[in-house]
Structure formats: C-alpha cells, structure tokens
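Below is one structure, written out as structure tokens; the observations come after it.
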Amino acid sequence: MLPKNETNSGFICAHCGEKVSPAVVTARNHCPHCLWSLHVDENIPGDRAATCGGVMEPAAIFQKHGEWVVIHRCLECGKEQPNRCAEDDNFETLIDLTQNSDG
C-alpha cells in the first residue's frame, strides 16, 4: 500500500483496490474510501518504522479535541494504532464505523 520511505505518497489500497492520492495536508496513512491501512508505522504516525506490514482494519472511532480518530488494528500482529481522520475520508464509512464502535 505505502512505500516504506514515503510518508505521503499515492498508493493502491491493499483492502479495496482503490487508487489513493497523496494527502493534501499531512501524511496519508489510510485509504479514504474504506479506511483500511497497512502496519507501516511503529511508534508514531508517519515514522514508517514498522516491519510487520500487515493490513490494519478500522476497528473503532472516537473524537478527541474536535477531531475524529480511527483506531486501526493489525490483522497480522494485533497492534492497535490511532490515526486522525483525513478531510477526504468517506463520510458514510466513518458513520458506519461509529455504529460499530464501543466508544
């Protein structure tokens, strides 16, 4: 999905197959169509230091300081990582995720 050395590049989503453009404001870390990601970040979003590379499902969503945050869970190793939602994320998919979230 994301090249290891690039924090804001376009990619083909490993989950839904959509072509994803680079983000306008920050580093792109998930597909705006289906919200899935790859486990490429280890400690902080954008560090691209993870070696796992597993697909990460959007497991939950919550609001923090007025921003929506998606919790991604790696299907390979189980790590959970929060990621801020992007301006171009699919609103209907975000709403569906709120209905399935505990928080």
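Throughout, read-outs are computed from the coordinates displayed, never taken from laboratory work. Bear in mind that the values here come from a model prediction, so they are computed numbers and not experimental data. Using ideal geometry, Cβ is built from the backbone for each residue, glycine included, and neighbour counts are taken over all protein chains shown.
When the chain is treated as a GNM with alpha-carbon contacts under 10 Å, the residue of Cys34, Cys52, Cys85 showing the greatest mean-square fluctuation is Cys52. Summed over all non-identical Cα pairs, the Kirkwood treatment of the chain gives a radius of 13.5 Å. Result for the chain in a Gaussian network model with C-alpha springs under 10 Å: among Gly78, Gly54, Gly66, the largest mean-square fluctuation is at Gly66. Under a Gaussian network description of the chain, with springs only between Cα atoms under 10 Å, the residue in His39, His15, His30 that fluctuates furthest is His15.
Going by neighbour counts of Cβ atoms within 10 Å, the residues Asp96, Asp89 line up, fewest first, as Asp96, Asp89. Computed about its Cα centre, the charge dipole of region 6-103 is approximately 140 debye, with only Lys, Arg, Asp and Glu carrying charge at their Cβ.
The label point for Glu92 and the one for Glu76, both projected 7 Å from the Cα toward the Cβ, are 3.1 nm apart. Taking 0.36 nm per residue of sequence separation and removing the Cα-Cα distance, the Cys52/Ile12 pair yields an extension gain of 12.6 nm.
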